[in-house]
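Have a look at the structure below before the remarks.
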């Protein structure tokens, strides 16, 4: 999408009604009006309306420090900060020679100072652009070994920015340097336009930057992709295994085999990060599995896949089966296939699935997929690496369930044990990640950052509980969290209740409500109110409060007198 197309979106959709709105503030020390326009225009492509506040030119610090500035007139969801490399260069050139080795550290201190003020005054997600590489030509190649050079300090600054963000919750970095590298300097920045209008990023760079801004925004809203579905022939290896045989497919060091090997290595890294891998191939199953079992150069193995669909059914049907078996949304899936016909079939049959248009040259498969940032996230915890095994274990549970004719007998046989504890520091990132991933069993669909979770856990205003579950097959890990706000002397409000759908219909809902009501009673809460806010995905929990004896009060609210509550029966024991 071009800048002009985004600009036209504003005229085309400005009077349309959108349930979802997002507030974005943009601060810059260079011209940002084009970024602001693109940010508003791009919101419509994601089915929402962005309200964009653009601060005056080059007033970043005063805007942040002044509590009466326009920035604070309303609560912002996201604050984008753009400190340009051009302005940084001017500041560097005005720095005394003996102080230039401290330039990166000094500028970092200024930036983190801005972050700290924003974190005190707003709950907004703070998104900082890093600095695009800049060649002054003063030292030539020697610049990267001369600590006082601008090039040295700039690279040091980008590293320090990333390091500082990793230790600051709710701070995210857009890699402007990588965007410039991807587009090329000539396409990224129009020098003539910069001198005329002080616009440091050209129109192509603006579109790419705003695209990455929305990658972060959408991930924070829970719109994340969880599963990569792969075709096999001419996609993760060259050739057709059924025709060319094991020795005839391209993979490894020969020919273009290295391109396929590198693609497989990337897929394996995604799996280690917690992305589910699945296969969807038109093939005989035994033939399709042969390279994974016998080819010495295969990087991926059968154990890396949560599902393996190799048959002669159409691919849209197989992908629908994979989606239903994993119990995740179609918009959580990415399907990669070299064949344009198969791609078009899936796009037209399953419009929610992301289907990248692979280049014709296999050497470009991986660079293209990497550039799309398909698996953007705003949180990460070590537990995510175990996701494939969790889903595979769930398949064993489903298989054993078929043996039992009575569901109660089956649930008893699982020997389920749960923990229910107040939020603690170890689980902050895991709770935040689950809040961002949970869409179906999510009563109010409120998203939380790790910083939000820490703030809530530290406040006496809230009762918090996280829940883990294990059974004879294995450990589910963290599967649910509940936040109750004390809203009055004897009153409480269930601000949040979300749960992984992997544990539905096992008695976990009953265990959770029993635990929460008991905790509220202990805290002196007599009247407990819950709310259900309907979304396109959470219809499964529309009646859950009534199911547990809450009385409807209108506008999606339900009330329970905790003293009247009788605990629900469940086969889950507390550890």
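Among 138, 201, which is over 23 Å from residue 57 (Cα atoms) and assigned to a loop (DSSP other than H, G, I, E, B)?
Numbers: 201 fails: over 23 Å from residue 57 (Cα atoms).
138 is the lone residue from the list that is over 23 Å from residue 57 (Cα atoms) and assigned to a loop (DSSP other than H, G, I, E, B).
Output the number of residues of the stretch 294-329 satisfying the condition of being more than 20 Å from residue 267 (Cβ to Cβ) and either within 22 Å of the chain's Cα centre (by Cα) or assigned by TED's automatic domain parsing to the domain that holds residue 503 (or both).
Here is the first cut: in the stretch 294-329, the residues more than 20 Å from residue 267 (Cβ to Cβ) are 311-314, 316-317, 320-321, 324, 327, 329.
Cutting the leftovers down to either within 22 Å of the chain's Cα centre (by Cα) or assigned by TED's automatic domain parsing to the domain that holds residue 503 (or both) gives us 324, 327, 329.
Selection size over the stretch 294-329: 3.
Out of 95, 136, report the one residue that is touching a helix residue (DSSP H, G or I) at 6+ places or on another chain (Cβ under 7 Å) and either outside the structural domain of residue 28 (by TED's automatic domain parsing) or without any contact (Cβ under 8 Å) to a residue 24 or more places away in the chain (or both). It is 95.
From the list 268, 246, which residue is touching a helix residue (DSSP H, G or I) at 6+ places or on another chain (Cβ under 7 Å), without any contact (Cβ under 8 Å) to a residue 40 or more places away in the chain, on the phi < 0 side of the Ramachandran plot and surrounded by fewer than 20 Cβ atoms within 10 Å (Cβ to Cβ)?
Numbers: 246 fails: without any contact (Cβ under 8 Å) to a residue 40 or more places away in the chain.
Residue meeting the stated conditions: 268.
Scanning the stretch 300-316 for residues that are part of a loop (DSSP other than H, G, I, E, B) and either in contact with a helix residue (DSSP H, G or I) (Cβ under 8 Å, 6 or more places away or on another chain) or within 18 Å of residue 275 (Cα to Cα) (or both) yields 300, 301, 305, 306, 314.
The rows are residues; the columns are (1) touching a helix residue (DSSP H, G or I) at 6+ places or on another chain (Cβ under 8 Å); (2) farther than 30 Å from residue 216 by Cβ.
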site: 280; (1), (2): yes, no
site: 284; (1), (2): yes, yes
site: 298; (1), (2): yes, yes
site: 321; (1), (2): no, yes
site: 337; (1), (2): yes, no
site: 343; (1), (2): no, no
site: 360; (1), (2): no, yes
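None of 462, 545 is in contact with a helix residue (DSSP H, G or I) (Cβ under 8 Å, 6 or more places away or on another chain) and either over 30 Å from residue 323 (Cβ atoms) or buried (at least 23 other Cβ atoms within 10 Å of the Cβ) (or both) except 462.
Would you pick out the residues in the stretch 419-436 that are in contact with a helix residue (DSSP H, G or I) (Cβ under 9 Å, 6 or more places away or on another chain) and either farther than 22 Å from residue 575 by Cα or in a helix (DSSP H, G or I) (or both)?
Matches in the stretch 419-436: 425, 427, 428, 429, 430, 431, 432, 433, 435, 436.
Quick grid of which residues meet (1) buried (at least 18 other Cβ atoms within 10 Å of the Cβ); (2) under 26 Å from residue 116 (Cα atoms):
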| position | (1), (2) |
| --- | --- |
| 5 | no, no |
| 15 | no, no |
| 22 | yes, yes |
| 25 | yes, yes |
| 41 | yes, no |
| 45 | no, no |
| 55 | yes, yes |
| 60 | yes, yes |
| 66 | no, yes |
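Within the stretch 447-490, the residues that satisfy the criterion of being part of a loop (DSSP other than H, G, I, E, B) and within 24 Å of the chain's Cα centre (by Cα) are 447, 448, 449. Of all residues being in a loop (DSSP other than H, G, I, E, B) and at pLDDT 95 or above in the stretch 231-250, which is nearest to residue 298 (Cα to Cα)? Just the residue, please. Among them, the one singled out is 236.
For (1) touching a residue at least 24 places away in the same chain (Cβ under 8 Å); (2) closer than 19 Å to residue 128 by Cβ; (3) assigned to a helix (DSSP H, G or I); (4) more than 26 Å from the chain's Cα centre (by Cα), each residue gets a yes or a no:
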| site | (1), (2), (3), (4) |
| --- | --- |
| 23 | yes, yes, no, no |
| 37 | yes, no, yes, no |
| 43 | yes, no, yes, no |
| 57 | yes, yes, no, yes |
| 63 | yes, yes, yes, yes |
| 81 | yes, yes, no, no |
| 100 | yes, no, yes, yes |
| 103 | yes, yes, yes, yes |
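Scoring residue 396 on the criteria (1) under 27 Å from the mean Cα position of the chain (by Cα); (2) in a helix (DSSP H, G or I); (3) at pLDDT below 90 leaves a single failure, condition (1). Filter the stretch 272-286 for residues that are over 32 Å from the mean Cα position of the chain (by Cα) and surrounded by fewer than 18 Cβ atoms within 10 Å (Cβ to Cβ) and give the result. Those that are over 32 Å from the mean Cα position of the chain (by Cα) and surrounded by fewer than 18 Cβ atoms within 10 Å (Cβ to Cβ): 284, 285, 286. Residue 270 meets each of the listed conditions (1) within 20 Å of residue 310 (Cα to Cα); (2) in a helix (DSSP H, G or I) apart from (1). Considering (1) under 26 Å from residue 324 (Cβ atoms); (2) surrounded by fewer than 15 Cβ atoms within 10 Å (Cβ to Cβ); (3) touching a strand residue (DSSP E or B) at 6+ places or on another chain (Cβ under 8 Å), the lone condition that residue 505 does not fulfil carries the number (3). Restricted to the stretch 488-501, and to residues there that are surrounded by fewer than 20 Cβ atoms within 10 Å (Cβ to Cβ) and at pLDDT below 95, the residue that is nearest to residue 407 (Cα to Cα) is 501. Flag not set for residue 179, criterion: under 18 Å from the mean Cα position of the chain (by Cα), assigned by TED's automatic domain parsing to the domain that holds residue 44 and either surrounded by fewer than 22 Cβ atoms within 10 Å (Cβ to Cβ) or under 26 Å from residue 89 (Cα atoms) (or both).
The values are calculated or read from the model by the stated rules, or taken from the named source; none is laboratory data. On a predicted model such as this, the values are computed, not experimentally measured, just so you know. Neighbour counts run over all protein chains shown; Cβ positions are idealised from the backbone, glycine included.
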